[in-house]
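The values are calculated or read from the model by the stated rules, or taken from the named source; none is laboratory data. Please read these numbers as outputs of a predicted model, since none were measured by experiment. Cβ coordinates were reconstructed from backbone atoms using ideal geometry, including for glycine residues, and neighbour counts include every protein chain displayed. These area figures cover heavy atoms from the full protein model, side chains too; ligands, DNA and RNA do not enter into them. Shrake-Rupley method; radii C 1.70, N 1.55, O 1.52, S 1.80 Å.
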Amino acid sequence: MAAKLKKGDTVVVLTGKDKGKQGEISSVSPKAGKAVVDGVNIAIRHTKQSAGSQGGRIPKAMPIDLSNLALLDKNGKATRVGFREEDGKKIRFAKTTGEAI
């Protein structure tokens, strides 16, 4: 099945403690059904100092379920993603505007 949300997409959080926040997807794990969004679902990780990095309390974006995310269309509104074929290629489009993504 084709991915509705991909790395680099701008999304909005639909539910949870970060509801309404927007961000860009930095990584997607389709098998787990989760994505990491910049600035959303931040947790504090306590890390030990090593030769390459400073230790301490480091804020880190944790994965969030794909079902809790919606793609933003060109108007800045949450939209669902559909698929259609154009010129023999399968493309994603925003259901609200009908525009290709």
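Things worth noting here:
- Any hit, region 46-67, residues being touching a Leu at 6+ places or on another chain (Cβ under 9 Å) and under 19 Å from ALA94 (Cα atoms): yes
- Scan of region 77-87 for residues that are assigned to a strand (DSSP E or B) and either open to solvent by less than 90 Å² (accessible area, probe 1.4 Å) or within 22 Å of LEU14 (Cα to Cα) (or both), ordered by number: ALA78, THR79, VAL81, GLY82, PHE83, ARG84, GLU86
- Single residue of LYS17, LYS90, LYS74 found to be in a loop (DSSP other than H, G, I, E, B), loosely packed, with under 11 Cβ neighbours inside 10 Å and among the charged types (D, E, K, R): LYS17
- Residue that is farthest from LYS19 (Cα to Cα) [pool: residues in region 43-54 that are of a type in the set (Gly, Ala, Ser) and open to solvent by 40 Å² or more (accessible area, probe 1.4 Å)]: ALA51
- Residues satisfying the criterion are present in region 55-68 (criterion: open to solvent by less than 50 Å² (accessible area, probe 1.4 Å), part of a strand (DSSP E or B) and among the aliphatic types (A, V, I, L, M)).
- Cβ pairs under 6 Å, 6+ apart, first in region 6-34 and more than 11 Å from ALA70 (Cβ to Cβ), second part of a loop (DSSP other than H, G, I, E, B) and of a type in the set (Val, Ile, Thr): ASP18/VAL40; LYS21/VAL40; GLY23/VAL40
- Residue, nearest to ILE58 (Cα to Cα), within region 20-37, restricted to residues that are open to solvent by 80 Å² or more (accessible area, probe 1.4 Å) and in a loop (DSSP other than H, G, I, E, B): LYS21
- Residue in region 68-78 that is modelled with pLDDT under 90 and over 21 Å from the mean Cα position of the chain (by Cα) present: no
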